[in-house]
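Okay, structure first, notes after.
Please treat every number below as a calculation from the coordinates, not as lab data. This structure is a prediction, so every number in the text was calculated from the model and none was measured. Here the Cβ is made from the backbone with ideal geometry for all residues, glycine too, and neighbour counts use every protein chain on show.
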Amino acid sequence: MKRWLKILIAIAGLWLCVRLVQAVGWEKIVTAFQQHGYWLIVLTTVYTSYHVLRTWTLQICTPYAARIRDLFGVRLAGEALAYIAIGSVVGDALKVVLARRKIPMVEGATGVFAEKLVYHISGFGFIATGFLIAILRIGSTPLFWACLIAALFLFFVSFFLLSSRLHPIARILKHVRVRRPKLREAVLRTEDSLFQFRARYPARFYAAVALDFASFFYATIELFFIFRILNVATSFWDLWYYQAVIRTMNSIAAFVPANIGVFEATNVYVAKQLEFGEGPGMVAALFVRIRATLWSLIGYLWFLVLIGRGDEKG
């Protein structure tokens, strides 16, 4: 996507975000932050546990001995770039490059992309269950059923891919002249290892699925805490559905940098639907937005540190 188009989309998202704040009321939001803003420090600090959990999953998926402390900064830097990029592929590629000091490229790429597929498998399962909960608690609608079926379809497709032994890139490269045969060989080996990951490492695969599935509940617990300090009564099942809608819209709007505007609008819509109120929904979205932005800044700083280390070693 061209840079000017990215900028236009980001501006449109910012405009939508501002309009939502105006609709909810600046005074309500400012008052909420004056009364509860210090909890942002707590949320941002505790979020370290989420990053450790996701880094542990990356370690499990990497078929090479690697320490969590070596992978933590690599993953954080990649996620920081993905936060503002269109999609996460750029961030994932950065993780592979930054990890090369400690992990061979093939094993690093296998770990990064296998963990990403595993994360999507867990996510699709989480989303499907969320919409099933909505059907049982809110009522059956064509939209809920469509989302449920789509999530289940993507779940099984992703599950199949990790043991499919497919080689689509290899078939393409057969008909393409490659000037760097070593790079071609690395790509082919990565592809072979990735699409046989579940068959070769079943224990790692299911452990990673379990950990990634658990990571989705972190956001649910975080929302419960935010609504609790805003004096909004919620239930675990409502928040599961709430988070399933958020994840769905984040995926659909992946072309929007940082999902700006879309994320806030979805929070307001679902909070209103569940009778939490538009104001609390917007405040919850801004709490999460600020926490995510702070961690992205930490990731950018870590990226600079890793780049500096690479320059020192030549």
key: Distance between region 47-80 and region 1-44 - C-alpha centres, whole angstrom   = 29 Å
task = Please order 14, 43, 223 by the number of other Cβ within 10 Å, starting at the fewest.
result = 14, 43, 223
query = Once label points are set 7 Å from the Cα along Cα→Cβ at both residue 297 and residue 160, what is their separation, rounded to one decimal in nm?
reply = 4.6 nm
query = Could you state the principal axis extents of the C-alpha atoms in the chain, from the largest down, to the nearest angstrom?
reply = 61, 48, 37
task = First check a/c for region 60-124, with a ≥ b ≥ c the square roots of the eigenvalues of its C-alpha gyration tensor; if it is under 1.5, answer rounded, and if not, answer prolate when a/b is larger than b/c or oblate otherwise.
result = oblate
Pair residue 53, residue 150: separation of 7 Å Cα→Cβ label points (nm) = 2.6 nm
message = List the pairs from 95/182; 6/182; 102/182; 28/272; 116/272 whose alpha-carbon separation is above 26 Å, in the order I gave them.
response = 6/182; 116/272
ask   = By Kyte-Doolittle mean hydropathy of at least 0.5 and Cα axial length of at least 18 Å, which whole DSSP H helices of the chain are selected?
value = 3-24, 68-84, 105-137, 142-161, 202-229, 278-312
key: Sites matching trypsin sites (Lys or Arg not before Pro) across region 222-314 that sit in DSSP coil, with at most 14 neighbouring C-beta atoms within 10 Å   = 313
ask   = Using 7 Å Cα-to-Cβ label points, what is the residue 221/residue 254 separation (nm, one decimal)?
value = 2.7 nm
Chymotrypsin sites (Phe, Trp or Tyr not before Pro) restricted to DSSP loop in region 216-314 with at most 11 other C-beta within 10 Å = none
query = Can you give the calculated 222 nm mean residue ellipticity of the chain, where each DSSP H run of n ≥ 4 adds -39,500 (n - 2.57) and the sum is split over every residue, rounded to the nearest 500 deg cm²/dmol?
reply = -27000 deg cm²/dmol
